[in-house]
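The values are calculated or read from the model by the stated rules, or taken from the named source; none is laboratory data. Bear in mind the structure is a predicted one, so any value in this text is a computation, not a measurement. Backbone-built Cβ (ideal geometry, glycine too); neighbour counts: all protein chains shown. Each accessible area value is taken on the protein alone, full model and side chains, heavy atoms only, with ligands, DNA and RNA left out. Shrake-Rupley method; radii C 1.70, N 1.55, O 1.52, S 1.80 Å.
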Amino acid sequence: MAALGPRDTSQGRNETPEERADRRWNELLQEVRVIQTGVQILFAFLLTVVFTPRFATLPTTDKTIYVVTVLLGAATTGALIGTVTFHRLVAGHRLKPETVLWASRLALLGIALLLATVASALLLILRIALHNSAVPWVVAGLVAWFMVCWFALPAWILHRYSSKD
């Protein structure tokens, strides 16, 4: 078995730009399907919190964190659904490579917004559950962990294993 190291990716796939755009679109669509379901479930649960009896007893700070969390959840949902509507609105205009590029950017924005939504939801939940001054530090640690898993590790892999042209 060969040792892992930088690979020669100069050959790439033997596909036309249209075939590459189609492949990348299908990959993006699968990724968005996975993340969108979780985001929609999280957002739905967030929407119900305001209707619980406990919500009225929350201090103003926790209500503010809740509102910010709901707004972030809505923005996340908008960005992720935007990837699909973007495609739907420009489909048939021979702009597939551009569509993939911009829909990918929307998906990445949705992931960044998801990080903010999860962080905000964790902050609210842990403040209520623990009443502890360590809560912001716990949330910051979890955000750092998410950033490592979602951004730093892929960036490192890209840097480590991409060809140096």
Pairs under 8 Å by beta carbon, first residue free of Cβ contacts under 8 Å to residues at least 12 places away in the same chain in region 123-149, partner in a helix (DSSP H, G or I) and not acidic (Asp, Glu), six or more apart or different chains?
-> ASN132/LEU126
Which residues, taken from region 50-81, are in a helix (DSSP H, G or I) and either touching an Asp or Glu at 6+ places or on another chain (Cβ under 6 Å) or open to solvent by 50 Å² or more (accessible area, probe 1.4 Å) (or both)?
-> PRO53, ARG54, ALA56, THR57, THR60, THR61, LYS63, THR64, VAL67, VAL68, LEU71, ILE81
For region 112-145, name all the residues that are among the β-branched types (Val, Ile, Thr), open to solvent by 50 Å² or more (accessible area, probe 1.4 Å) and more than 21 Å from ARG54 (Cβ to Cβ).
-> VAL138
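In contact with a helix residue (DSSP H, G or I) (Cβ under 9 Å, 6 or more places away or on another chain), of a type in the set (A, V, I, L, M) and either under 16 Å from THR117 (Cβ atoms) or modelled with pLDDT of 95 or more (or both): does that describe ALA91?
Numbers: in contact with a helix residue (DSSP H, G or I) (Cβ under 9 Å, 6 or more places away or on another chain): yes; of a type in the set (A, V, I, L, M): yes; either under 16 Å from THR117 (Cβ atoms) or modelled with pLDDT of 95 or more (or both): no.
The answer is no for ALA91.
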Of all residues in region 85-120, which are touching a residue at least 40 places away in the same chain (Cβ under 8 Å) and over 15 Å from the mean Cα position of the chain (by Cα)?
-> HIS87, LYS96, PRO97, THR99, VAL100
For region 97-106, what are the residues that are crowded, with 20+ Cβ neighbours inside 10 Å and not aliphatic (A, V, I, L, M)?
-> THR99
Among the residues of region 29-50, write down those that are of a type in the set (Val, Ile, Thr) and under 13 Å from the mean Cα position of the chain (by Cα).
-> VAL32, VAL34, ILE35, THR37, VAL39
